[in-house]
Amino acid sequence: MGTRAAISRIYRGEISADIVGRPKIWYTISGLLLALSIAGLLVQGLNFGVEFKGGSVFTFKAPSASIEQVRGAVTDGGAHQVIVQKAGGDWRVTTESLSSDQVTEVKTSVSKELTVPADKVSTQVVGASWGGEIQKKAWQALLVFMVLIIAYLSVAFEWRMAVAAVVALVHDLVITAGIYAWSGFEVTPATLLGFLTILGYSLYDAVVVFDMIKEVTKPLGPTSRTTYSEAANQALSSTLVRSLNTSLVAILPVGAILFIGTTLFGAGTLKDLSLALFVGMIVGTYSSICVATPLLVQFKEREPKYKQIRQNIARREQSSKRTSKAKVSAGAGASSPSAGENGPSDDDGGGDQQGTPEIRSTVTVRKVVQSGSRQQPKRGSRQQRRGGK
């Protein structure tokens, strides 16, 4: 309950989490995720779709057939690199590039083994040159996007914020691509759209946080009692709930498309886009809060202005400690003489504490008890009290 109550208070904004003050934790988590993602890209590799590497695509309806039966029918037709997907009620089979005669043989095999009319099997041949053109355009779009982002953040904020934001964007791209590699999903043009979308989403979160940090740290000066790190953490805490709510609202429908749409309704054509969006939104929210902001703070704390503020705060704290110690020492010195005067001494062999019983023993104490009626002086009349007779 303690952890749950603390998380609830942080979510409501009642307390602030020290996110900026723990950069090693976030860098360690990001390092592990990056290592896992790079390993997936090197070991597993991206599964590029037919749009990128070229090939033949067969689409047909066979409600009673299984994946093994569809794969066997296409393989018997002479195809080798067979990838079977089910999109709704249709089967979509991707193979290597086939000649027209080989395409005819595959259609005949599918028609014979799956009892599908040959004219109901649609075919499409995609050349590798078209996929190469898509890759080229995608890299160009990514490069232009990065240049525009750096220019905008440098003008609207400063170059340190631009560098922190770009590092977070690269962080998001690599992790999303690595998870994509481990999942084995095909990389299609929809995947590229998803990648470009998560870049904009991640950048939006970073800009919101940076704008609040800029406003909060603007009044800092030599006499400030708050360092840049503390001010940035306050700004981040004030936008934390907003970022989490925005991310949650965006992730829920994407997660519904990815997990419910592809499994229950067979929306296979949307899973490429939804996976990229789902992973990218989660990683983008994390990076804008736990990667970009701590990195920006480390950049800013190296500036002479904020170094001086930190040194001034440390100097005032040391001065306050010395003043407190001096007051404690002065109070202890003032109480020592009075204790010596009133306390026992070696010369009189015990002082007043031993002599007091002897003095009290020579004094006779008598207790007087009144008997009879209590005698009170007469007050007289008001005129007598005023001096009259």
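Hey, among the residues in region 74-100 that are among the small types (Gly, Ala, Ser) and surrounded by 15 or more Cβ atoms within 10 Å (Cβ to Cβ), which one's farthest from Val125 (Cα to Cα)?
Ala87
Take Thr108 and decide whether it is touching a Gly at 6+ places or on another chain (Cβ under 9 Å) and surrounded by 13 or more Cβ atoms within 10 Å (Cβ to Cβ).
yes
Please work out if Leu270 is modelled with pLDDT under 90, assigned to a helix (DSSP H, G or I), farther than 25 Å from Val167 by Cα and touching a Leu at 6+ places or on another chain (Cβ under 9 Å).
Yes, satisfied.
What is the one condition in (1) modelled with pLDDT of 85 or more; (2) touching a Leu at 6+ places or on another chain (Cβ under 9 Å); (3) open to solvent by less than 40 Å² (accessible area, probe 1.4 Å) that Ile198 does not satisfy?
Unmet condition: (1).
Tell me which residues, restricted to region 239-258, are more than 25 Å from Met212 (Cβ to Cβ) and open to solvent by less than 50 Å² (accessible area, probe 1.4 Å).
Across region 239-258, the qualifying residues are Val254, Gly255, Ala256, Leu258.
Can you run down the residue pairs with Cβ atoms below 8 Å, 6 or more apart or on separate chains, where the first is in region 114-142 and at negative phi and among the charged types (D, E, K, R) and the partner is at pLDDT 75 or above and open to solvent by 100 Å² or more (accessible area, probe 1.4 Å)?
As it stands, the answer is Lys120/Lys61, since those pairs meet every condition given.
Going through region 50-72 one residue at a time, which ones are open to solvent by less than 30 Å² (accessible area, probe 1.4 Å), modelled with pLDDT of 80 or more and part of a helix (DSSP H, G or I)?
Residues satisfying the conditions are Val70, Gly72.
The values are calculated or read from the model by the stated rules, or taken from the named source; none is laboratory data. What you are looking at is a predicted structure, and each value in this text was computed from that prediction instead of being measured. Because the Cβ atoms are built from the backbone with ideal geometry, glycine has one as well, and the counts that use them run over all protein chains shown. Only protein heavy atoms, including side chains, enter the accessible area calculation; ligands, DNA and RNA are left aside. Shrake-Rupley method; radii C 1.70, N 1.55, O 1.52, S 1.80 Å.
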